[in-house]
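Peer 1: Can you read through this structure? Questions will come right after.
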Amino acid sequence: MDRRHTDREYEGELENLRDHVLLMGARVEEMLSLAMRSYVERSVSLARSTMELDRNIDQLELEIDELALQILARRQPVASDLRFITTTLKLVTDLERIGDLGVNICERVTELGADRSENPHDQIARMADAAQAMVHDALDAFVAGDAVKANQVIDRDKTVDAYYAQLFPELLPRMMSDPGVVFESTRLLSIGKCLERLADHATNIAEMVVFMVKGQDVRHSGPGSHGYG
Amino acid sequence: MSMPTSSSFFVKNTELTAAEGRSLQGTTVNTGPQGTTSKATGKRSARSDSASGEEPSKARWDEVSVSTLVPKMRTEGLRAYFGQAEVLKGISLPVAEKQVTAVIGPSGCGKSTFVRCLNRMHEVVPGARATGQVLLDAQDIYQADVDPVRVRRRVGMVFQKPNPFPTMSIRDNVLAGLRLNGERPDDPDSVVEKMLHRVALWDEVKDILGRAGTGLSGGQQQRLCIARSLALEPEVLLMDEPCSALDPIATARVEELIHELRKSYTIVIVTHNMQQAARVANFTAFFYLGKLIEYDRTDVIFTRPKEQRTEDYITGRFG
């Protein structure tokens, strides 16, 4: 949105809303990064402190909803402004859920404790990198109003899905041969599921960015549609 | 119904990529593919129908495609002048039958002049003239042998300021148009009642029909003026800022009336109030500096206009 409103106050309200979304996005990214660090380092204390960040994310969601509601009520936005506001209202729900998934990952880390087995940690790390990059790029696409980039994010969801699909077959034989790794493996599966869902939410955000920029609804449209969210 | 309940608020990607723009002298006239709206309709009605078990309803008023509309009127290369000044610069625009078409744009864009050309009111101003075609049911109303009085009967007009005849009663105001046209209805009282019913004013004035029309509130006066226009049984009703002098309640009544009237009449409304256009119109045309910039379904104009100038105007980013 490079053109400014004649009414500068309205322009300011939209910018304030955009800034809030960016702040929330930054908080979510920070949380994911810390959550995965707590997993890699098996740091229960870091996992616990990271979970606290969710409160801030939830608060931002409430503030963004309120700002958007105010603009809808007072400005009756249309066209690109309307698409921006409606996108924002939907996008924050996905961001908030990504935050919740970050909490879930931290909870699994606290359950795992400091013990470490020969399980496929690299696979989880690859998934985490891919999913986090999707969240990052979806938010970048939102900021830049870049539908091309958003479409690339959508395409990448299947990569994360494929990682997740490989996870269970890798863990299963280990669990069957060594009951001692079952506890950890189920936690790893849960973290994998969180990452897979997280990528779905990033995909949702990217789809909304396409709508915001081009006015096209690309949800549930392609063969790669994840059919959720 | 208030805001366009656009089922296509989120337009499927197939719709936009398949949409073809037909250019009319630099204008974006967006002609969506046929079937677009039925797809949208099916999507929404499927939900309600599954509950009711009824057949899917027909396309809603706000889901008619530009490509399939039936024009009651059409202008082709319409140019209008005041002396040497060209105020309309080649407008080609269909006016869909039994639909509401809104004309929006900043002051001086030619929107009032445009509607005044649709019933040959423009030429009433000294020095004013128009060229190009204005077709009413395929007949050019600017042809030499066409009687402008006859045109104005078929294409009625309601003005910005309610203007009931000050010396006439409410009853006589309703009949004024007929009498000015030399008609004496067999049963004038039934005409009065019918027209006042049609504008939802009957219950409010049935006991005071002999009182002066100017004694009514602004909103009532405007509905009385609409009744006066309707008494001539026009086919098209032109409304030039009909609510700009009215309070929000009176405006809502007139808008409700417009929703009712579109079942029987083709309506063109000029408005500065874009929310009003969004509320009442099926189709919206955006004029700027005497040119038609964009014309499309109202929900498309207000959610994803194609032209940057339309976008700038409706979002308030203009100049």
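Taken together, the values in this text are just the output of simple stated rules run on the coordinates, not laboratory data. For clarity, every value in this text was computed on a predicted model and none was experimentally measured. All Cβ positions, glycine included, derive from the backbone under ideal geometry; neighbour counts span all protein chains shown.
Peer 1: If a/c stays under 1.5 just call it rounded; otherwise compare a/b with b/c (prolate if a/b is bigger, oblate if not). Do that for the stretch A:81-202, with a ≥ b ≥ c from the square roots of the Cα gyration tensor eigenvalues.
Peer 2: Numbers: a/c = 3.34, a/b = 2.17, b/c = 1.54.
Judged from the Cα gyration tensor, the stretch A:81-202 comes out prolate (a/c at least 1.5, a/b above b/c).
Peer 1: Treating the beta-carbon of each Lys and Arg as +1 and of each Asp and Glu as -1, no other charges, what is the dipole magnitude of the protein assembly as shown about its Cα centre, to the nearest 20 debye? Present the calculation step by step, with values, prior to reporting the outcome.
Peer 2: Working: 67 positive and 78 negative charges, 429 e Å.
I would put it at about 2060 debye.
Peer 1: Amide H neighbours of B:Val103 under 5 Å, at least 5 residues apart or on other chains, H built in the peptide plane: list them.
Peer 2: B:Ile269, B:Val270, B:Thr271, B:Ala285
Peer 1: Continuing with this model, one more query. Averaged across B:299-312, how many Cβ atoms of other chains sit within 10 Å of each residue's Cβ atom? Could the numbers behind the result be given before it?
Peer 2: Values: counts 0, 2, 2, 5, 8, 9, 4, 1, 0, 1, 0, 1, 5, 5.
Taking all residues of B:299-312 together, the mean is 3.
Peer 1: Now a separate question. Could you calculate the FRET efficiency of A:Thr186 with A:Thr159 from 1/(1 + (r/R0)^6), where r is the beta carbon distance between them and R0 is 25 Å, rounded to 0.05?
Peer 2: So, using R0 = 25 Å, E works out to roughly 0.55.
Peer 1: Something else: Report relative contact order for chain A in percent, whole number only (criteria: Cα-Cα under 8 Å, sequence separation at least 6).
Peer 2: 24 percent
Peer 1: Does the protein assembly as shown come out rounded, prolate or oblate, given a ≥ b ≥ c as the square roots of the eigenvalues of its C-alpha gyration tensor, rounded meaning a/c under 1.5 and, failing that, prolate meaning a/b above b/c?
Peer 2: Verdict is prolate for the protein assembly as shown.
Peer 1: How would the stretch A:8-214 be classified by its alpha-carbon gyration tensor: rounded, prolate or oblate, with rounded meaning a/c under 1.5 and the a/b versus b/c comparison settling the rest?
Peer 2: Because a/c hits 1.5 or more and a/b exceeds b/c, the stretch A:8-214 counts as prolate.
Peer 1: On to the next question. At a Förster distance of 51 Å, what's the computed FRET efficiency of A:Val148 paired with B:Asp186, Cβ-Cβ distance as r, to 0.05?
Peer 2: Efficiency at R0 = 51 Å is approximately 0.15.
Peer 1: What 222 nm value per residue comes from the helices of chain A, counting each DSSP H run with n ≥ 4 as -39,500 (n - 2.57) and dividing by all residues, nearest 500 deg cm²/dmol? Walk me through the numbers before you get to the answer.
Peer 2: Working: 6 runs with 188 residues, N = 229.
Roughly -30000 deg cm²/dmol at 222 nm, from the helical runs in chain A.
Peer 1: Follow-up. Please list 3J(HN,Hα) in residue order for the stretch A:23-32, calculated via the Karplus relation 6.51 cos²θ - 1.76 cosθ + 1.60 where θ = phi - 60°; whole Hz, with x for glycine and proline.
Peer 2: Listing the rounded values in order: 4, 4, x, 5, 4, 5, 4, 4, 4, 4 Hz.
Peer 1: If you take the beta carbon distance between A:His220 and B:Thr167 as r and set R0 to 56 Å, what does 1/(1 + (r/R0)^6) give as a FRET efficiency, to the nearest 0.05?
Peer 2: Approximately 0.30, to the nearest 0.05.
Peer 1: Shifting gears a bit: Counting partner chain Cβ atoms within 10 Å of every residue's Cβ in A:207-215, what's the average?
Peer 2: Working: counts 2, 1, 0, 1, 6, 0, 0, 5, 11.
Mean shielding count: 3.
Peer 1: Which residues in the stretch B:137-154 have a backbone N closer than 18 Å to a point placed 7 Å from the Cα of B:Arg129 along the Cα-to-Cβ line?
Peer 2: B:141-146, B:148
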